[in-house]
Every structure is written in C-alpha cells, then in structure tokens.
Amino acid sequence: MLNLVKSLINSRIITEDSTSWGEGFGRGLPIIHQESCLADCPKCENTCPTGALKNKVINPRGCIFCHSCLRSCPVNAITETEIPVISSSVSTEQLGQELRSKLKKDCRRSLHIRYVDAGSCNGCDFEINSVTNPVYDIQQYGIDFVASPRHADMLLVTGSVTRNLEIALQKTYEACPKPTLVVAVGACACGGGIFKEAYAAGGGVGKHLPVDVYVPGCPPTPALIIKGILAAIDRG
Amino acid sequence: MCNQPFWKVFSEHPDCDLIKITTNGAVRNIKLGVPVSKFSEAVDMLKKQGAFLVTMTATDKRQQFGIFTVYTVFALPGENTIIELKVVLDAEQPSYPSITPLIPAAHWLEREMKDMFGIIPVGHPDLRRLAVHGDWPEDIYPLRKDFAANTVVPRVTGKLEFCSVEGEGLFQVPVGPIHAGIIEPGHFRFFTFGEDVIDLQAQLFYTHRGIEKAAEGKHYADAALVAERICGVCSASHSVAYAQAIETLAGVAVPKRALYIRTILLEMERLYNHIGDIGNMCAGIGFSFGISRGAMLKERLMRMNMRLTGHRYLRGMVIPGGIQKDVANTSEISSELKEVEQELKKITSIMLASQSLVDRMRTTGILPKEVALALGAVGPAARASGVKRDLRTELPYGAYADFAFKIPTQIEGDVLSRLNQRIEESEQTFAILQQAFLHLSEGALAVELPNLPPYRTAVGYTESARGANVHWVMSGPDNRIFRYMVRSASHCNWPVLPLCVPGNIVPDFPLINKSFELCYACLDR
Ligand code: SF4
Ligand code: SF4
C-alpha cells in the first residue's frame, strides 16, 4: 500500500495534447511525384495488391499502407506523406444535412461514442483502446466511450463488415438515437482493405452505413483516430 | 510394443508410403501417406509415442487429381520431429474416421473441415456447425475450389445452436456479439443458477473474413500481406510463421541478421502483449493503478516499436526470405528496455502486494493440467497449468537455439498463475532481447527465393504471446498459394476457456477471459 501511494505521488502527468504527440502519424500514405514519374512505367500499379493505385493516383481509402509501390518504383518517384482523414462530402442519410449540423453543434463540448468491431484484425481496436490510455486520454476532449448504442452520438466502426457482423452492425446503428455520426476506422473499414468484397467480407463500412469521416491507416495511430473523431464534430 | 520409430513401422507397410524425410535446421520433417483404413491406427500409434497434434486441414484437389486430401500434422516432443500424415479421400463422398475420440484437441479442426469442405469425420461426437453461422445454407462449402471467393451467398433462416442445459431455476444469459467494452465480437451463452455459472457455451467466428480463401491464388509475396493482417497484435508472429512455411517450400536458409531481427520483432511483440495483458487483467477486477500503469508502459513499448521499425505493430518488416527493412535505433532501444524492465518490476510488485487482487485471482478460473494436455492448450495458459510446452525450445526455429532463456511454468492453473506466468515470461523476454541486440551482426537482410515447387506442403510456426501459431501452406503453380491454413494459439485455447468458467460466478468471467487473452480475429480468420 505504501509503495502504491509513493508510486502515485512520484508520477508525473503524462497526458499529451494533440500538439505534442511525439510520434507522428505512422506509416504514411504514398504520394507519387508526377514530375519524376516515368510516363509508361506500370510497375507501381502492377505491384499494388489492392488496386488502390490506378493511373498513378492513389485512393487513400483503398490503400493498406503496405508500401509495395514505394519499393517498386525504379526512379524513387514515390514517397510518403501524412495520412489524411477524409470527410465524406455527401452523406446519404435521409435525415438531412441540417440535423447533422445541429448534432455537430450540440456535441461541440461532449461526445459519446459507441464502438463496433465489424470484422477487424484487432489492430484498429487496440489503437482505439490506446486513445483511452493515460497518454492520449481522449476524455480530455469531453469524449467518452459508452456501453450502449442508446447513449451514443457516434458509431466508431472498424473492420470490413463481415457477413456474420453485418446484421449486428445494422442493429447497433438502428439502436442509436438519430442523427448518428459514423466514423470508419482503418483500411478495412474505409474500403475493405485487402479482403475487399468476398463471401465473408463486406467491402467496408461505406457499403453498409452512411459514413461521415474515414480514418485510413492499417491501423491508424491513436493520434490519427482522435483527429478523425474531432473532425467529425468540426473540432479538428 | 513400438520400440521402432513409428514411421518405420508404417513405411514398411504395403499400403503406406513414406513421401519424404527432410531436415529443416534442427527439425526433421517426415511425410507419410496412409490409407483411410489405417488412419486411426496411425494416429493411435503416434499418440502412444507421445506426439501432440499441431494442425489438421484438408485440400480440394478434385480438379487436378480427383481427390480430397486430409493432412494431419503432429510433433514428437523431445525428438525434434514433425510428422505429417496424408490421407486421400473419395471426391464424391469424402469421409474418414474421426480422430477426436482419440485426440480431443482435433475436435474443432474436424468440425471446421466439415463446414468448409463438406468432409465428414465419421464418429465425431459433436457435428454442430462451428465456422459458419446458422444462416449459412447447407451444402455450400467455401473452401472447395468450385466455390468462387466473391460468391454472394444468400442467408437462410437458422439459429444459434446450443447444447441444452436444463433444470429448475436455471437461467440463460446471452451476451454479445457486440460487447460493452472495446473488445472483439463473440456471443456467449451463460447457463446460471443464481450467480453461479453452470455451463458456458460460445458462438464465435463473427469476424470470419475468409482469410484462407483470400490467400488462395495469390502470389506468395502478396499472400504475406494477408498473413500479416490475420491479427493486429500477433502481426509479427503470424508473418514469421508464414514466411517460414514459404522458405521451407523454397528450401532456402534465411541470413543470420534477418533471423536475429525476426527474434527481436517476435520478442518485442510478446513483451507489449504481456505487459498490456498484465495491465488488462487488473481491469478485470477494477485495480486502477495496474490498469493505467500497464497501459502507460505498453504505450511506451508501442512507441519503441515505432522507432525500431516505423510501425507500432511491427508490420511491413517480415517477408518470405528474410526482412525487407532494417531496424533502426537499436542501441537506444536496448538501453531503454532496461528501464522498462525496472518499471515493470515496480508495477508488478505493487500489484502482487495487493491482497484484494491476489484474493480475487487465486483459485479463480482453474484450468487443470490434464484438461490442458487433453485439449491441446498452448502458450502461457497451458504453461500456467504446468504444461511445459513452448515451440521456441520444443521445435526450435529461427535463431532461438542461439539464446539462453528459460521456460517458466506454474502449477495451479488459476488466474493468478496466468498473471505470474506472464510476469516471468516477460523477464525471459528481456533477456532474449538483450542477447539479440548484443549479437546482432552485419549482413544481408534477405535471400532471393527460387520458384516454389507446386503442390508441396510445408508448415511454419512460431510461439506467439498467446501460444503456437501454425501456418500450413500448399503451393500451387506459378508461385501461387493453393491452400493456406492458419491455426492460431486462440484456435487451440478457445475450446478450453468454457471449461474453466463453470463453478465460478458470472462477474468473474471477464477476469477469466482476460487471463486467457484469447483473440477472436485469429480464430475466426
Ligand atoms: S496498397 Fe500498397 S501498393 Fe497500393 S497504393 Fe497503398 S501502399 Fe501502395
Ligand atoms: S485496417 Fe489494418 S489494422 Fe485495421 S482491421 Fe484492417 S487489417 Fe487490421
């Protein structure tokens, strides 16, 4: 007991804010520098395992950040850049843009998130767990994870939406009070990742729910996940 | 009875044929074809010689050779030997005598083969579906070759199947698939009397992504990306296991530097998992000090991973043939590890000094040694019950033979033992890492692989933080994967968990569950 108290007293505050995250945003998004790229070279496109790289343009929602393209380029015309979070410009939900803006406005100071694993590898989920650790401490933004979708303003979804979780995801969404913000976390949730659409994998959250913000990365770092969540409520 | 080695007896039999004996480092691989009629006898004989089941799977070669084939892989502890039995089955009515009555550890593997291939293990005690859910139509088998990976399979009406548990005053408590916390999906059905759990059954495979099917037909280099994405927190151990299988197929030896770097990755992975789990087990009883200190230390390790490899989960490093990217900041990391070691000591000594923590964990969720052995439990869970089995020493792979370390074990098999097991294993991991950093020599990172011979099989394995991860690969034409089977540590341990819960109260389940730290993604694939 004494040691416990001593150890507590001796510890410093280690929570970081978004300006001091020491580690950047992880393995970045490839970027092709058109000026040095060879006109008829098909190498990077042929090597890309997901089809995210087409006609020398990279779709950040389809990329799994394997960096095969970087290594394949004979003239080093591909480098990496920070992964962007992508706000979806058209939300397909019938509830209308107005209500969603109201939600964003109302939630400016506090947000409750229900997390759903819709078939991930557990990597994204561990990083979501990390955002609650004392270092990132997402609660410092007035944001918290809740146990029930009935209490949630936002669904945070990982995984490509497998056949066996499709219904559970739909039901969770339906149980949320509307309007609900949806954030897709990770390459699998953004575009199906390497599994794409198959007998068991669902091609990403966007095929099943109206997504507000995509956070690419495999997995995205905790810092990027927080950035994505804040972007969804216009605090990014 | 059998003083002669098993394979000699069998290879002299007219119906059996010894396909191949090869050695891979210190490990000998024996492949043996046996007719269906002799299969049970062969398995029985192996069992009597003390072999344990490593993996079991099937292939559909109807288009090529008009057959289904079942492969069963055993290891003979103490003899550094892996034995693969190959049984050829009829294409029209594929069935064989189930080995589950002899080797209970095979029971999920055989059910999975039935779901995925329609191969019937005759005499299996429980042929309910396992890997496909109730809404999956009968007679559609996704791993058969005439099933295209992108088939849209309709849903039929069906429901969860549980073995019935009845009695006055019994309640059923359904939980999941979506859980309250930030954890993976699975459905649990508790049968309770008051607070006491009488029985626990689970429906899993919610995160089934069709990984094995997705790898089929891919070039082995692309399939490595799939292997790396089976599980986030076992990325390194899965990718090394896969790479080892491919390297065995290609018959190449990996350069020493690459082997050492792989060891560093594997042990860093073990460390962040064990430390994360030590903290998480505190979450099972609400001991906040341990939760937050464990999480902080784990975060520190994740950042060390980032500095070492450029990825918090060590992805993008391992390729068949070696390592594709060198490690950075090694001297800095190795000295920081010493601080982490001290910090862990401090945290765990405070944890174990808490009487309420020890009281909650002691005698909770006991896994008896006999059950662990019979069901083939692996990893820290098995070792905490006194089963001294660790593939790093039992079937040495990579560079592990170069390092001095111990395999700790416990006796009681309760939650506290599993906590202590992780603490003691972490100590050994620090020792291995220091040796690996110290002796990391210069040299090539990878070798070029020659073309893979088609329709050959190989097995690659690692001892991950959760136990044995076994990857079985059959090559196809043009360096492509014909069949890929992943048996993760969680695949071995999931059937064990429900047996440790009855007799405990419902609120202890999260604690017991956390002490096993089973991964759903690894099992479901
Ligand atoms: S998936 Fe890999 S190869 Fe394709 S664009 Fe992304 S990093 Fe490049
Ligand atoms: S995006 Fe990557 S880390 Fe996230 S679930 Fe998919 S494979 Fe795993």
Name every residue in the stretch B:31-57 that is among the aliphatic types (A, V, I, L, M) and under 22 Å from the mean Cα position of the chain (by Cα), in order of residue number.
B:Val43, B:Leu46, B:Ala51, B:Leu53, B:Val54, B:Met56
Here are B:Asn493, B:Asn469, B:Asn479: which of them is of a type outside the set (Asp, Glu), open to solvent by less than 20 Å² (accessible area, probe 1.4 Å) and touching a Leu at 6+ places or on another chain (Cβ under 7 Å)?
B:Asn493
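May I ask you to list the residues in the stretch A:41-65 that are assigned to a loop (DSSP other than H, G, I, E, B), within 14 Å of chain B (Cβ to nearest Cβ) and farther than 19 Å from A:Ala184 by Cβ?
Hits for the stretch A:41-65 are A:Cys48, A:Pro49.
Table: residues versus (1) within 10 Å of chain B (Cβ to nearest Cβ); (2) open to solvent by 10 Å² or more (accessible area, probe 1.4 Å); (3) of a type outside the set (S, T, N, Q); (4) touching a Gly at 6+ places or on another chain (Cβ under 8 Å).
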| position | (1), (2), (3), (4) |
| --- | --- |
| A:Cys121 | yes, yes, yes, yes |
| A:Ile138 | no, no, yes, no |
| A:Thr158 | yes, no, no, yes |
| A:Tyr173 | no, yes, yes, no |
| A:Ala187 | yes, no, yes, yes |
| A:Phe195 | yes, yes, yes, yes |
| A:Gly206 | no, yes, yes, yes |
| A:Pro216 | no, no, yes, yes |
| A:Leu224 | no, no, yes, yes |
Between a first residue in the stretch A:56-72 that is of a type in the set (A, V, I, L, M) and a second residue that is within 6 Å of ligand 1 (Cβ to nearest atom), which pairs have beta carbons less than 6 Å apart while being 6 or more apart in sequence or on different chains?
A:Ile58/A:Pro30; A:Ile58/A:Ala52; A:Ile64/A:Thr50; A:Leu70/A:Pro30
When every residue in the stretch A:182-208 that is part of a helix (DSSP H, G or I) and under 20 Å from A:Gly28 (Cα atoms) is compared, the one farthest from ligand 1 (Cβ to nearest atom) is A:Ala189
The stretch B:306-336, residues that are crowded, with 23+ Cβ neighbours inside 10 Å, under 22 Å from B:His439 (Cβ atoms) and at the interface with another protein chain (Cβ under 10 Å from one of its Cβ atoms)
B:Thr309
Selection count, the stretch B:278-315, where residues are in contact (Cβ under 8 Å) with a residue 24 or more places away in the chain and either touching a His at 6+ places or on another chain (Cβ under 9 Å) or polar (S, T, N, Q) (or both):
3
Only one of A:Pro179, A:Pro134 is away from chain B (no Cβ under 11 Å) and either away from ligand 1 (no atom under 16 Å from the Cβ) or not in a loop (DSSP other than H, G, I, E, B) (or both), namely A:Pro179
Given the residues A:Leu38, A:Leu103, which is the only one that is open to solvent by less than 30 Å² (accessible area, probe 1.4 Å) and either part of a helix (DSSP H, G or I) or at pLDDT below 90 (or both)?
A:Leu103
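Residues checked against (1) part of a strand (DSSP E or B); (2) touching a strand residue (DSSP E or B) at 6+ places or on another chain (Cβ under 6 Å):
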| residue | (1), (2) |
| --- | --- |
| B:Glu442 | no, no |
| B:Leu452 | no, yes |
| B:Val459 | yes, yes |
| B:Glu463 | yes, no |
| B:Asn469 | yes, yes |
| B:Trp472 | yes, yes |
Is it the case that some residue within the stretch A:146-155 is within 15 Å of ligand 2 (Cβ to nearest atom) and either outside any helix (DSSP H, G or I) or closer than 24 Å to B:Ile211 by Cβ (or both)?
no
Looking at the stretch B:362-409, what helices (runs of 4 or more DSSP H) fall wholly within it and have at least 1 residues that are under 28 Å from B:Leu433 (Cβ atoms) and open to solvent by 40 Å² or more (accessible area, probe 1.4 Å)?
B:391-394
Restrict the check to the stretch B:202-224 and report whether at least one residue is surrounded by fewer than 24 Cβ atoms within 10 Å (Cβ to Cβ), under 25 Å from B:Ala446 (Cβ atoms), without any contact (Cβ under 8 Å) to a residue 40 or more places away in the chain and of a type outside the set (Val, Ile, Thr).
yes
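The values are calculated or read from the model by the stated rules, or taken from the named source; none is laboratory data. Owing to the predicted nature of the structure, the values given are computational and were not obtained by experimental measurement. A quick note on method: Cβ atoms are made from the backbone with ideal geometry, for glycine too, and the neighbour counts reach across all protein chains shown. The protein model used for the area step is the full one, side chains on, heavy atoms only, and it has no ligands, DNA or RNA in it. Shrake-Rupley method; radii C 1.70, N 1.55, O 1.52, S 1.80 Å.
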